[in-house]
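Visitor: Before anything else, here's the structure in question.
Every read-out reported here was derived from the displayed coordinates using simple, explicitly stated rules and does not represent laboratory data. Every value quoted in this text rests on a predicted model; they were computed, and no experiment measured them. Here the Cβ positions follow ideal geometry from the backbone for every residue, glycine too, while neighbour counts run over all protein chains shown.
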Amino acid sequence: MWAIRKLSREPGLVLDRVPIPEPGPHDVLVQVEAASVCGTDLHIFKWDDWAKARINPPLTLGHEFAGTVVEMGEDVRTVVRGDYVSAESHVTCGMCFQCRTGRAHMCEHTQILGVDRDGAFAEFVVVPESVIWQNDRQKLPPEIATLQEPFGNAVFATSTQDLPGRTVAVLGCGPVGLFTIAIARASGAGRVLASDHVPFRLELAETLGAQIANVNTVADVSGWFHDANEGAGLDVVFEMSGAPGAVRDAFRIVRNGGDVVLFGIPSSPVELDIAESLIFKNLHVTAVNGREVFATWYRTRWLLEHGVVDLRPLITHQYPLTEFEVAFAELESGNACKIVLRPGGQPAMPLVHATPTQVADPQPILTGLGSWVHR
């Protein structure tokens, strides 16, 4: 099969030819129909400090996907061939304190698909039955079903707050920040204000119903938020960027007794005046990561299947797997939100950045897949 892989400890990725993976006794083999690109994939592509410390090549990327089950391990009991599925990307141990007390999203031994184990930027992916999520094809086409994983981040973050009638700020309009704006508006927030430094993202935020500020052109960002909120602090501030300035702004613009939700991950430590920024303001601060497994997935499915939130405007590009370099360039440029890759079929052009040894076998191994494999 074809797969987008990190083969060595250096910037870049390759479109490589690898054997179709075989499911273990408790695993499911899924033929991937759509896989969306995440900022984490871009970190691995660029080979930044986080990737250098975390990633061990060779590795197939991709952790957001939807597809059809084509094979199962002998001990799989709840999934059958032909099921239309996605998957929770956090593969948890099931035995640590967090897992055994209903908080698997905090598992101490989590393996992440496409980060710690081979992922879904490929024609096929193997995942444990325990993380499989059943989809309804009539309600969620593949390009939407693949977004349940990242959308769930925003669903989890917003579920920590009571939003109807409250004033809300969203700092950082990447995909999860934009998802947060959409949920806040759908939840009946009284006013939604948003900031970023990328014009394309700000345009999307405005389309979703937020008042926007470009932090590169506004002289006093915290002053802008207060002015736009009738001179008052915000009830709830979602910090979704991790930028040090945005983290500090979050505590400046929230009202006394308000709520700050920290989701963005700073690339380095951020200095705060704890007394002035938190204690004297009597703030409630919540730090969130990932999704609640699987409580968030049920909320996510309901929001999408019932049309409460429409993610279609945020799918800005779709490419075949062979054009991954174009997709990553679009994402890095800032002129994209969610990009969906479509694995279906062999590439029409030669391998991207591949060596001759990587195309030695011109035919994939299809043993055991039968008629479920379509070429």
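Visitor: Working out 0.36 nm times the residue gap between Asn216 and Arg9, then minus their Cα-Cα distance, what length gain in nm do you get to one decimal?
Guide: Between Asn216 and Arg9, full extension yields an extra 71.1 nm.
Visitor: May I ask you to evaluate 6.51 cos²θ - 1.76 cosθ + 1.60, the Karplus curve with θ = phi - 60°, for each residue of the stretch 227-236 and list the ³J(HN,Hα) values in order in whole Hz, giving x for glycine and proline?
Guide: Couplings: 4, 5, 10, 6, x, 10, x, 7, 5, 9 Hz.
Visitor: Please report Val198, Val115 as a ranked list, fewest other C-beta atoms within 10 angstrom at the top and most at the bottom.
Guide: Listing Val198, Val115 from fewest to most nearby Cβ atoms yields Val198, Val115.
Visitor: Quick one: what are the phi-derived ³J(HN,Hα) couplings along the stretch 173-180, Karplus 6.51/-1.76/1.60 with θ = phi - 60°, whole Hz, x for glycine and proline?
Guide: Values, residue by residue: 10, x, x, 5, x, 5, 4, 5 Hz.
Visitor: Still on this structure: Which net charge results when you count Lys and Arg as +1 and Asp and Glu as -1 among the other residues whose beta-carbon is under 11 Å from that of Ala169?
Guide: So the environment of Ala169 carries a net charge of 0.
Visitor: Counting only other residues whose beta carbon sits under 14 Å from that of Gly188, what net charge do I get with K and R as +1, D and E as -1?
Guide: Summing Lys/Arg as +1 and Asp/Glu as -1 gives +1.
Visitor: Same structure, new question: Mind listing the long-range amide H neighbours of Cys38? Cut-off is under 5 Å, sequence gap 5 or more, other chains count too, H placed in the peptide plane at 1.01 Å from N.
Guide: Residues meeting the amide H criterion: none.
Visitor: In addition: By how many nm would the segment from Ser267 to Asp116 lengthen if fully extended, with 0.36 nm per residue of separation less the alpha-carbon distance?
Guide: Difference between extended and current length: 52.4 nm.
Visitor: Hey, rough spin-label estimate for Asp49 and Arg103, points 7 angstrom out along Cα→Cβ, what's it come to in nanometres?
Guide: 2.9
Visitor: Applying the Karplus parametrisation 6.51 cos²θ - 1.76 cosθ + 1.60 with θ = phi - 60° to the phi angles of the stretch 293-306, what ³J(HN,Hα) value in whole Hz is obtained for each residue in order, glycine and proline being reported as x?
Guide: Per-residue couplings from phi come out as 9, 10, 4, 5, 4, 5, 5, 4, 4, 5, 4, 7, 5, 9 Hz.
Visitor: What GluC sites (Glu not before Pro) in the stretch 171-260 are in a loop by DSSP, with at most 12 other Cβ atoms within 10 Å of the Cβ?
Guide: Glu230
Visitor: What length, rounded to one decimal in nm, is gained on full extension from Glu325 through to Asn289, with 0.36 nm per residue of separation minus their alpha-carbon distance?
Guide: Difference between extended and current length: 10.1 nm.
Visitor: Percent relative contact order of the chain, based on C-alpha pairs within less than 8 angstrom and at least six residues apart?
Guide: Computed over the chain, the figure is 18 percent.
Visitor: Okay, moving on. Going highest first, how would you order 106-114, 29-37 by mean Cβ packing within 10 Å?
Guide: The densest-packed peptide leads the list: 29-37, 106-114.
Visitor: Can you list which of the chymotrypsin sites (Phe, Trp or Tyr not before Pro) found in the stretch 248-286 are DSSP loop residues with at most 11 other C-beta atoms within 10 Å?
Guide: Hits after loop and neighbour filter: Phe280.
Visitor: Can you sort Ser333, Ser130, Ser241 so the residue with the fewest Cβ neighbours within 10 Å comes first?
Guide: Sorted ascending by nearby Cβ count, the order is Ser333, Ser130, Ser241.
Visitor: Here is a further query. Taking the beta-carbon count within 10 Å as an exposure proxy, list Ile181, Ile20 from fewest neighbours to most.
Guide: With the sparsest Cβ surroundings first, the list reads Ile20, Ile181.
Visitor: Hey, got a sec? Which trypsin sites (Lys or Arg not before Pro) in the stretch 1-88 land in a DSSP loop and have at most 10 other Cβ atoms within 10 Å?
Guide: Qualifying residues, ordered by number: Arg77.
Visitor: If amide hydrogens are placed 1.01 Å from N in the peptide plane, which non-local residues have theirs closer than 5 Å to the one on Val254?
Guide: The list, which skips near neighbours in sequence, is Leu234.
Visitor: Hey, what number do you get for the chain at 222 nm if only DSSP H runs of n ≥ 4 count, each worth -39500 (n - 2.57), divided across all residues, to the nearest 500?
Guide: -7000 deg cm²/dmol
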